[in-house]
Amino acid sequence: MADAIRFYADQHYPAPVTAGLIRRGIDVLTAQDANQCGASDPDQLALATSLGRVLLTFDSDFLAIHRSGISHTGIVWCPATKYSIGELIRMLVLLHAVVTADEMVNHLEYL
């Protein structure tokens, strides 16, 4: 069986979303829990990658980082105001159910 996605939420990702994912049994580490608040974007992505986690972010700077060709274990991005909390949880639960960790390597998923 393929490995399931494990998420890393940057410091601006809403706590109700990460809590909703955790309640559904999805492995999520937050920047707060990792003591990474204030770390640079490249450092956030490097940590997520070193831990084999897919980065959850609203920060468009990660789009440019992805385009630069830096290797990573995946980025999930959408505009901060595109979805409600519930919609965002449902989108991420669906992504978690249908995409493997291997499929997310060096992949940018636009929600």
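Scan the stretch 54-71 and report the pairs whose first residue is without any contact (Cβ under 8 Å) to a residue 40 or more places away in the chain and basic (Lys, Arg) and whose second residue is assigned to a helix (DSSP H, G or I) and surrounded by fewer than 12 Cβ atoms within 10 Å (Cβ to Cβ), with Cβ atoms within less than 9 Å and a gap of 6+ or a chain change.
Cβ pairs passing all conditions: none.
Give, as residue ranges, the helices (runs of 4 or more DSSP H) completely inside the stretch 34-111 that count at least 1 residues that are within 13 Å of the chain's Cα centre (by Cα) and charged (D, E, K, R).
Those helices (runs of 4 or more DSSP H) span 41-50.
Give the stretch 23-47 a look and list any residue that's of a type in the set (A, V, I, L, M), within 20 Å of ALA80 (Cα to Cα) and either in contact with a strand residue (DSSP E or B) (Cβ under 8 Å, 6 or more places away or on another chain) or exposed (fewer than 13 other Cβ atoms within 10 Å of the Cβ) (or both), or say none.
Those that are of a type in the set (A, V, I, L, M), within 20 Å of ALA80 (Cα to Cα) and either in contact with a strand residue (DSSP E or B) (Cβ under 8 Å, 6 or more places away or on another chain) or exposed (fewer than 13 other Cβ atoms within 10 Å of the Cβ) (or both): VAL28, LEU29, ALA31, LEU45.
Anything in the stretch 2-33 that is among the small types (Gly, Ala, Ser) and modelled with pLDDT under 95? List them, or say none.
Scanning the stretch 2-33 gives ALA2, ALA4.
The values are calculated or read from the model by the stated rules, or taken from the named source; none is laboratory data. Remember, predicted model here, so these are calculated numbers, not experimental data. Every residue, glycine among them, receives a Cβ derived from its backbone with ideal geometry; neighbour counts consider all protein chains shown.
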